[in-house]
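A.B. asks: Supplied in structure tokens, the structure appears directly below.
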Amino acid sequence: MDLEILSRIQFGLTISFHYIFPPLSIGLSLILVYAQGAYLRTKNPVYRQMIRFWVKIFGLVFALGVATGIVMEFQFGTNWATYSRFVGDVFGSALAAEGIFAFFLESGFLAVLLFGWNKVSPRFYFISTILVAFGTHFSAIWIVVANSWQQTPTGHRLVSFGDSMRAEIVDFWQVVFNPSFLDRISHVFMGAWQAGAFFVLSVSAFYLIRGRHAELAKKSMKIALVMAVFASIMQLITGHDSANTVAETQPAKLAAFEGHFPANAPAGLYLFGWVDEENEKTSGLKIPGLLSFLVHWDTDKPITGLQAFSPEDRPPVNLVFQSYHIMVAIGMLLILISLVSAFNWWRNRLFTAKWLLTALVFSVLLPQAANQLGWFSAEVGRQPWIVYGLLRTEDALSVSVDSGQVITSLVLFCIIYLLLFALFIYLLDEKIRRGPEEVISETTGPRA
């Protein structure tokens with residue numbers, strides 16, 4: 001198989017597996033902040049019970065995220081050495097900031113949450129939960145800065161580097177606030193909040209169905225449901241803003257999202273369909289003129305289509321089209337689930353409607369699927385560019401790596417990640433089945 005495809009598959013595998021965990025830690029960190037704040041306000045021991053239970057799960061998620069993230073970054077030097085030389089100055093700054101301002105903040109105060117329960121005051125414990133939450137969000141910020149720069153590079157200059165070129169920073173803040181950053185980080189945050197919220201909803205619904213830990217489950221579910229409703233609705237808004245930015249900065253990607261081929265014509269919005277790339281035709285159910293309206297507020301305004309780009313400058317259209325539309329469908333389903341749950345909460349039926357609780361148990365899979373498909377759409381959609389308009393993916397590979405080496409490492413990664421995932425599911429299942437401590441005396445919380 002082609003070296004470029006193999007290397008992309010390997011990086012896609014490692015980053016997809018890694019990205020199971022950061023959204024959960026970002027979302028769960030907000031649950032921890034609210035629970036500890038509620039305990040300080042009410043002194044209700046159920047909130048302390050919540051903190052101790054969710055902190056243990058947060059610690060497990062954090063550990064897997066760190067382990068898989070380190071492996072992912074090493075591939076920059078092994079499979080993508082040319083790319084690393086090109087973006088090293090830009091990425092070095094962003095990744096250093098992520099380590100200094102985010103990782104150490106998060107991991108340092110996570111130690112307080114895990115081991116300082118009886119050793120620090122409730123207020124210091126609360127401050128620690130806030131700092132852990134800041135750390136998880138700061139980590140996402142700097143990673144998205146680096147990735148967004150690849151999509152919309154600014155604040156740099158190209159200089160000669162031996163026989164090749166490299167990008168050097170000339171304006172750090174232009175690199176940070178590149179044209180796509182704000183839209184993309186808000187979209188990432190909403191996806192992460194959804195992942196954390198629906199995870200808590202799933203576990204809480206499981207407990208209510210089994211008739212266990214009812215008070216903790218109800219309070220956890222209320223907190224998570226507020227977050228789920230807010231994040232699901234905001235995800236639609238931030239997704240719209242992000243798509244508008246894509247229309248301006250990466251028109252080929254937007255055209256692939258909707259299978260729009262005419263070079264300069266109004267475009268409809270497909271609800272679903274199939275793209276025949278060979279004949280440059282998309283068939284399916286669409287709303288005429290709606291894409292033009294969403295981008296320009298005018299159904300007759302043209303949208304740049306794929307025929308405006310040479311075939312070698314187009315992404316794999318059908319793959320991007322399908323992943324994007326499935327992601328949007330899941331997003332709409334999450335809005336529906338969260339609003340139906342909120343309605344039943346208002347009608348005092350949320351905790352007794354078994355059909356809804358069962359749906360919430362399985363809903364934990366939906367944000368994860370949407371997050372994965374969203375990244376797939378974004379990253380495959382910018383092909384054939386690894387740095388948009390500056391460096392093509394085929395030119396970014398390591399020259400000393402061959403296909404056999406990548407196949408071997410890919411097989412090993414698959415085996416190791418399957419084992420890691422099995423271990424994660426086993427430990428997570430054990431913690432959930434064991435559940436929180438049923439009774440917490442007044443002397444077992446953070447010291448006064």
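A.B. asks: Right, A329: within 28 Å of G389 (Cβ to Cβ) and either modelled with pLDDT of 90 or more or in a helix (DSSP H, G or I) (or both) or not?
C.D. replies: Answer is no for this residue.
A.B. asks: Quick check on L64: is it in contact with a helix residue (DSSP H, G or I) (Cβ under 7 Å, 6 or more places away or on another chain) and either over 29 Å from L410 (Cα atoms) or not in a helix (DSSP H, G or I) (or both)? Working first, answer last.
C.D. replies: Details: in contact with a helix residue (DSSP H, G or I) (Cβ under 7 Å, 6 or more places away or on another chain): yes; either over 29 Å from L410 (Cα atoms) or not in a helix (DSSP H, G or I) (or both): no.
Judged against the criteria, L64 is not a match.
A.B. asks: In the range 295-348, what count of residues is obtained for those that are closer than 19 Å to F272 by Cβ and of a type in the set (S, T, N, Q)?
C.D. replies: 3
A.B. asks: Got a sec? Which of T299, T282 is hydroxyl-bearing (S, T, Y), closer than 25 Å to P384 by Cβ, over 28 Å from the mean Cα position of the chain (by Cα) and surrounded by 14 or more Cβ atoms within 10 Å (Cβ to Cβ)? Give the steps one after another, and end with the answer.
C.D. replies: Working: T299 fails: closer than 25 Å to P384 by Cβ.
Unique residue meeting the criteria: T282.
A.B. asks: OK, next. Going through the range 101-134 one residue at a time, which ones are in contact (Cβ under 8 Å) with a residue 40 or more places away in the chain and within 27 Å of the chain's Cα centre (by Cα)?
C.D. replies: Passing the criteria: F101, A102, E106, S107, L110, L113, L114, F126, T129, I130, V132, A133.
A.B. asks: Criterion first (in a loop (DSSP other than H, G, I, E, B) and β-branched (V, I, T)) does V401 satisfy it?
C.D. replies: Values: in a loop (DSSP other than H, G, I, E, B): yes; β-branched (V, I, T): yes.
In short, yes.
A.B. asks: Next question, about the same structure. What number of residues within the range 160-181 are in contact with a Ser or Thr (Cβ under 8 Å, 6 or more places away or on another chain), surrounded by fewer than 19 Cβ atoms within 10 Å (Cβ to Cβ) and part of a helix (DSSP H, G or I)?
C.D. replies: The total comes to 2.
A.B. asks: Then there is this: Check off (1) in contact with a strand residue (DSSP E or B) (Cβ under 6 Å, 6 or more places away or on another chain); (2) in a helix (DSSP H, G or I); (3) of a type outside the set (D, E, K, R) for L285 and give me the number that stays unchecked.
C.D. replies: Only one criterion in (1) in contact with a strand residue (DSSP E or B) (Cβ under 6 Å, 6 or more places away or on another chain); (2) in a helix (DSSP H, G or I); (3) of a type outside the set (D, E, K, R) is unmet by L285, namely (2).
A.B. asks: Just wondering, is there one or more residues in the range 304-326 that are of a type in the set (G, A, S), more than 22 Å from E248 (Cα to Cα) and assigned to a helix (DSSP H, G or I)?
C.D. replies: First, pick out the residues of the range 304-326 that are of a type in the set (G, A, S): 305, 308, 310, 323.
Remaining after also requiring more than 22 Å from E248 (Cα to Cα): none.
No - not one qualifying residue is present in the range 304-326.
A.B. asks: Another question about this same structure. Conditions first: (1) at pLDDT 90 or above; (2) not in a helix (DSSP H, G or I). F230 passes all but one, so which condition is the exception?
C.D. replies: The single condition F230 does not satisfy is (2).
A.B. asks: Within the range 213-252, can you find the residues that are surrounded by 22 or more Cβ atoms within 10 Å (Cβ to Cβ), touching a Pro at 6+ places or on another chain (Cβ under 8 Å) and closer than 27 Å to L306 by Cα?
C.D. replies: Result: A252, single match.
A.B. asks: Which of the following residues is of a type in the set (S, T, Y) and under 23 Å from A35 (Cβ atoms): S220, S242?
C.D. replies: On the way: S242 fails: under 23 Å from A35 (Cβ atoms).
On inspection, the qualifying residue turns out to be S220.
A.B. asks: Something else now. Look through W346, W274 and report the one residue that is of a type in the set (A, V, I, L, M, F, W, C), surrounded by fewer than 22 Cβ atoms within 10 Å (Cβ to Cβ) and without any contact (Cβ under 8 Å) to a residue 12 or more places away in the chain. Quick ask: steps written out before the conclusion?
C.D. replies: On the way: W274 fails: without any contact (Cβ under 8 Å) to a residue 12 or more places away in the chain.
Of the residues listed, the single one that is of a type in the set (A, V, I, L, M, F, W, C), surrounded by fewer than 22 Cβ atoms within 10 Å (Cβ to Cβ) and without any contact (Cβ under 8 Å) to a residue 12 or more places away in the chain is W346.
A.B. asks: Among the residues that make up the range 306-316, is at least one of them out of contact with any Lys or Arg (no Cβ under 7 Å at 6 or more places or on another chain) and closer than 21 Å to S204 by Cα?
C.D. replies: Looking only at the range 306-316, we keep the residues that are out of contact with any Lys or Arg (no Cβ under 7 Å at 6 or more places or on another chain), and these are 307-314, 316.
From the residues that got through so far, the ones that are closer than 21 Å to S204 by Cα too are none.
Within the range 306-316 (the criterion being out of contact with any Lys or Arg (no Cβ under 7 Å at 6 or more places or on another chain) and closer than 21 Å to S204 by Cα), the answer is no, since none of the residues qualifies.
A.B. asks: Only one residue in L365, L357, L373, L390 is surrounded by fewer than 19 Cβ atoms within 10 Å (Cβ to Cβ) and touching a residue at least 12 places away in the same chain (Cβ under 8 Å). Which one?
C.D. replies: Values: L365 fails: touching a residue at least 12 places away in the same chain (Cβ under 8 Å); L357 fails: surrounded by fewer than 19 Cβ atoms within 10 Å (Cβ to Cβ); L373 fails: surrounded by fewer than 19 Cβ atoms within 10 Å (Cβ to Cβ).
After applying the criteria, what remains is L390.
A.B. asks: Just to be sure I understand the filter: pairs with C-beta atoms under 9 Å, separated by 6 or more residues or on different chains, first member in the range 293-312 and over 9 Å from P266 (Cα atoms), second member among the basic types (K, R) and buried (at least 16 other Cβ atoms within 10 Å of the Cβ). Which pairs pass?
C.D. replies: So the pair list comes out as L306/R314.
A.B. asks: Within the set of pairs 6 or more residues apart or between chains, which connect a residue that is in a loop (DSSP other than H, G, I, E, B) inside the range 1-30 to a residue that is modelled with pLDDT under 90 and surrounded by fewer than 20 Cβ atoms within 10 Å (Cβ to Cβ) with Cβ atoms less than 7 Å apart?
C.D. replies: Going by the 7 Å Cβ cut-off, the qualifying pairs are M1/S403.
A.B. asks: Moving on to the next point. May I ask you to verify whether A255 is crowded, with 20+ Cβ neighbours inside 10 Å, of a type in the set (A, V, I, L, M, F, W, C) and in a helix (DSSP H, G or I)? Give the steps one after another, and end with the answer.
C.D. replies: Numbers: crowded, with 20+ Cβ neighbours inside 10 Å: yes; of a type in the set (A, V, I, L, M, F, W, C): yes; in a helix (DSSP H, G or I): yes.
Judged against the criteria, A255 is a match.
A.B. asks: Considering only the range 400-448, how many residues are at pLDDT below 85 and aromatic (F, W, Y)?
C.D. replies: 0
A.B. asks: Continuing with the same structure: Farther than 22 Å from V340 by Cα, of a type in the set (K, R) and outside any helix (DSSP H, G or I): which single residue out of R184, R157 fits that description? Steps first, please.
C.D. replies: Numbers: R184 fails: outside any helix (DSSP H, G or I).
Of the residues listed, the single one that is farther than 22 Å from V340 by Cα, of a type in the set (K, R) and outside any helix (DSSP H, G or I) is R157.
A.B. asks: Any idea how many residues of the range 52-71 are at pLDDT 90 or above and among the β-branched types (V, I, T)?
C.D. replies: So the answer is 3.
Yes/no per residue for (1) touching a Leu at 6+ places or on another chain (Cβ under 7 Å); (2) surrounded by 18 or more Cβ atoms within 10 Å (Cβ to Cβ); (3) among the aromatic types (F, W, Y):
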position: R8; (1), (2), (3): no, yes, no
position: H18; (1), (2), (3): no, yes, no
position: F21; (1), (2), (3): yes, yes, yes
position: G27; (1), (2), (3): no, yes, no
position: A35; (1), (2), (3): no, yes, no
position: R41; (1), (2), (3): no, no, no
position: P45; (1), (2), (3): no, no, no
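A.B. asks: Which one is surrounded by the fewest Cβ atoms within 10 Å (Cβ to Cβ) among residues in the range 80-129 that are within 30 Å of L397 (Cβ to Cβ) and of a type in the set (S, T, N, Q)?
C.D. replies: Checking each candidate, the answer is T82.
The values are calculated or read from the model by the stated rules, or taken from the named source; none is laboratory data. Everything quoted here is computed from the prediction, not taken from an experiment. As a convention, Cβ positions derive from the backbone with ideal geometry for all residues, glycine included, and neighbour counts pool all protein chains shown.
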